[in-house]
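Comments concern the structure below.
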Amino acid sequence: MTMPNFARAGAAVVIAVAVLAMLPLFAGKYEVDLFAKILVLAIFALSLELLVGQTGLVSFGHAAFFGLGAYTTALLLQEPDPRSFWLVLLAAMGAAGLYALPVAALSLRTRGVYFIMVTLAFAQLVYYVFHDTKIAKGSDGIYLTGVPQFSLAGWVPFDVTRSLPFYYTALGALCAVYALLALLQRSRFGRALAGIRVNEQRMRAAGFATYPYKIAAFVIAAMLAGLAGFLKATKDGYVNPEMLAWHESGAVLLMIILGGLGRLRGAVLGAFAFVLLQEFFKNDAVFGEFAKRWQLLLGFTIIGCVLLLPNGLIGLPARLHRRGARDG
Amino acid sequence: MSATTFLVQCLNAVQYGLLLFLVASGLTLIFGAMNIINLAHGSFYMVGAYMAYALAPFVGQYLGGGFFTTLLVGLLLSIALGYALEWAFFSLLYEREHLQQVLMTYGLILIFEELRSLLVGDDVHGVAAPDWLAGTIPLGSLMTYPVYRLFISAVCLLVALAMYLVLARTRLGMAVRAGSVDREMAQALGVDINFLYRVVFAAGVALAVLAGMIAAPVSSVYPGMGSQVLIICFVVVVIGGIGSVRGAFVAALLVGFVDTFGKVFFQEAAGVLVYLMMAAILLWKPEGLFRQG
């Protein structure tokens, strides 16, 4: 094992992307749709990882930005004729970012558990606006009438709402977001965020105005969540207020904790593990009658992960390695 | 709005607020004294409500029935449950980060929901109030008010008073307060912190179960009732200041009034108001109204 760490990590990422790209060759439509759903959630999880794992800001209201992206998409596509994919995408990310700006400015005045709760409050605000008013058909949810039309300089290669093109679009988006965040992590900006996570006082003493850095991280994370929301709405053709609910914020937080905080890979791994575990426990070919009780098994698995894997799934190889070294 | 309707709404607000206090006080005690974020607290409320529904036939058969006997049996069971849960799961979490506590207690929510579904099913049930509390009293010439709601408020006030006395006047209360300020120092001075945590946790569970049991006749019993109450209780705890029982009391009444009157005056925006209030209060006092230490 003389390969440097980053090269090994890079190789793992390349292999993972290659496997995912080849998946439709040997999987049916159901699996492709399932994995497309996971890819979208992985983008959502990555966006939260920037806040929680990289900057140390635990937001419990991240679904607000996911949902805002989705609702913006739905509200722009209420006419039957198609609109530009890129235009709707920009609008979805813009709406999420626009709401994130005041939320970040206000909620970053608090810290710790109080920050968790203020972000929740601002998310609940959006939830009730869409749930209780008639802006977008209230609690019934709203269907997309038109479709976003994917085009490159006038050329329309495919219909993005179909299963396979959507899968590759989502995979491309995930790679782009991952690359962006990886670059960010290595930039001066990313180093500053890491510094804030480890010791904010010290960063301030070193002359960094930490507040604008945190606001910037929050807004970027929100816009990426908006991107995930846009993809989700495009995939489902339907949006409802549950996308904004605290359950959704909780679920995405669970994904990144389960995967392992502090590494981008952890967020992606967590999204895959969370959804695939659900699918596995729901599978009645394996569990028979008990598959109806999948929540029980998922609950115990989560508790087992907490007790045995304090660093998340990402820490599993190191743990096995250590154990092997000790036993051998 | 006439004076009588106003009075009715006030009574409703107080009843809702006091009930919230009962659940939130357990949450804030566990949070403050043990430094544990317990997402499963709403599940205990649900367990309580389902106990009120499911225990009544057994109590009727073996113990001669009666509302208070059911309450008592439920409370004893809940203390045992709290004790066992602390021993089996929560005692492993004290040294862990908050986020891991969140993950684990989320797992517990799933398990409780599924066990509830296995044991009692997924139907919505009504629970009857005992006969002697089922009546109404007249208010003014036109309105009446159910006695049972007054009973809820009375029970909650009694519990609040008892909690105040225990925390402020007894050795145990002193140990709890000492433990929440500085765990190591309290331990060094001879407080058996593990025993203390177990007691606090069991008490927290019992409070939530009691709230669920007495709320069952008013709110009916349904799946998912736990998660609904959980978030609003976190709001109460944070507005009041984490760990402060007095803060939880004031915040719970505030939330009760804002929510009840919000529903009267602006139906559409009612859900938003509580959260707007919370955001405003935290921007004014970033550590809640009554943060200690």
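Excluding same-chain neighbours fewer than eight residues apart, the lysines reachable from A:Lys137 by a Cα-Cα span under 22 Å are A:Lys232, A:Lys235, B:Lys263.
Taking the three principal axes of the alpha carbon atoms in chain A, the coordinate ranges are 65, 55, 43 Å, sorted in descending order.
Shown in residue order for the stretch B:172-186 are the 3J(HN,Hα) couplings computed by the Karplus curve 6.51 cos²θ - 1.76 cosθ + 1.60 at θ = phi - 60°: 4, x, 5, 4, 4, 5, 4, x, 6, 6, 8, 4, 5, 5, 4 Hz (x for Gly and Pro). Between A:Gly207, A:Gly260, A:Gly56, which gets the highest mean-square fluctuation from a Gaussian network model of chain A, Cα cutoff 10 Å? Maximum among the listed residues: A:Gly207. For the stretch A:197-299, the relative contact order comes to 11 percent (Cα pairs under 8 Å, sequence separation of at least 6). For the protein assembly as shown, the Cβ-based charge dipole about the Cα centre amounts to some 1800 debye (Lys, Arg positive; Asp, Glu negative; other atoms uncharged).
Pick from B:Thr70, B:Thr136, B:Thr28 the residue whose mean-square fluctuation is largest in a GNM of chain B, springs joining Cα atoms under 10 Å. Largest GNM mean-square fluctuation: B:Thr136.
Residues B:His125, B:His98, A:His247 ordered from highest to lowest accessible area at a 1.4 Å probe: A:His247, B:His98, B:His125.
For the protein assembly as shown, report the convex hull volume of the alpha-carbon atoms normalised per residue, in Å³, without decimals. It comes to 199 Å³ per residue, whole-number rounded.
Mean separation of Cα pairs under 8 Å and 6 or more residues apart, divided by the residue count, gives the stretch A:21-121 a relative contact order of 30 percent. Note on B:268-279: average number of Cβ atoms from other chains within 10 Å of each residue's Cβ is 6. Name the aspartates and glutamates eligible as straight-distance cross-link partners of A:Lys29: C-alpha to C-alpha under 12 Å, and not fewer than 8 places from it in the same chain. List returned: none.
Residue ranges A:316-323, A:216-223, B:205-212 sort as B:205-212, A:216-223, A:316-323 when ordered by packing (mean number of other C-beta atoms within 10 Å per residue, highest first).
Taking Rh as the Kirkwood radius computed over C-alpha pairs, what is the Stokes-Einstein D of the stretch A:65-216 at 4 °C in a medium of viscosity 1.567 mPa s, expressed in µm² per second? Rounded to a whole number, D works out at 71 µm²/s.
Under the simplified labelling scheme, the B:Ala88-A:Ser151 pair shows an inter-label distance of 6.1 nm, with each label point 7 Å from Cα along Cα→Cβ. When the Cα convex hull of the stretch B:151-241 is projected onto planes of every orientation, the mean area is 7.0 nm².
Modelled spin labels at A:Ala9 and B:Ser141, positioned 7 Å past Cα toward Cβ, are 7.9 nm from each other. Each of A:Leu296, B:Met277, A:Gly146 was scored by the projection of its Cα onto the charge dipole of the protein assembly as shown, and the greatest displacement toward the positive side belongs to B:Met277; charges sit on the C-beta of Lys, Arg, Asp and Glu. Across peptide B:107-115, the average count of Cβ atoms from other chains found within 10 Å of a residue's Cβ is 6. DSSP beta bridges confined to the protein assembly as shown are antiparallel in about 80 percent of cases. Between B:Leu139 and B:Thr144, B:Tyr145, the built amide H atoms are under 5 Å apart, and every one of these is 5 or more places off in sequence or on another chain. Chain B gives an Rg/Rh value of 0.97, both radii derived from C-alpha positions and Rh following Kirkwood. Shielding by partners for peptide A:243-252, expressed as the average number of C-beta atoms from other protein chains within 10 Å of each residue's C-beta, is 2.
The heavy atoms of A:Tyr213 offer some 50 square angstrom of accessible surface to a 1.4 angstrom probe. Accessible surface of B:Ser2, taken over heavy atoms with a 1.4 Å probe and every protein chain present, rounds to 60 Å².
Taking the centroid of alpha carbons for each part, the stretch B:194-246 and the stretch A:159-194 are 41 Å apart.
Here is how the number arises for chain A: DSSP H runs of 4 or more residues each give -39500 (n - 2.57), the sum is divided by the residue count, and the result at 222 nm is -23500 deg cm²/dmol. Between the amide H of A:Gln149 and those of A:Arg83, A:Ser84, A:Phe85, distances stay under 5 Å, these residues lying 5 or more places away or on another chain, with hydrogens modeled in the peptide plane. For the pair the stretch A:237-287 and the stretch A:100-122, the centres of their Cα atoms are 23 angstrom apart. Hydrophobic, long helices, defined as DSSP H runs whose alpha-carbon span along the helix axis is 27 Å or greater and whose mean Kyte-Doolittle value is at least 0.5, occur in chain A at A:5-26, A:29-49, A:85-107, A:113-132, A:163-186, A:210-236, A:264-282.
Cross-link partners of A:Lys292 among aspartates and glutamates, defined as those whose alpha carbon lies under 18 angstrom from its own and excluding same-chain residues fewer than eight positions apart: A:Glu279, A:Asp284, B:Glu113, B:Glu114, B:Asp122, B:Asp123. Scanning residues 5 or more positions from A:Tyr238 or on other chains, those with amide H under 5 Å from its amide H are A:Leu144, with H placed 1.01 Å from N in the peptide plane. Computed over the stretch B:145-293, relative contact order equals 18 percent, with contacts defined as Cα pairs under 8 Å that lie 6+ residues apart. Which one, A:Arg197, A:Arg293, A:Arg111, has the greatest fluctuation when you compute a Gaussian network model over chain A with C-alpha springs under 10 angstrom? Fluctuation is largest for A:Arg293.
The values are calculated or read from the model by the stated rules, or taken from the named source; none is laboratory data. What you are looking at is a predicted structure, and each value in this text was computed from that prediction instead of being measured. For neighbour counting, all protein chains shown are included, and Cβ atoms are generated from backbone atoms with ideal geometry for every residue, glycine included. When the accessible area is computed, the model is the full protein with side chains, heavy atoms only, and any ligands, DNA or RNA have been set aside. Shrake-Rupley method; radii C 1.70, N 1.55, O 1.52, S 1.80 Å.
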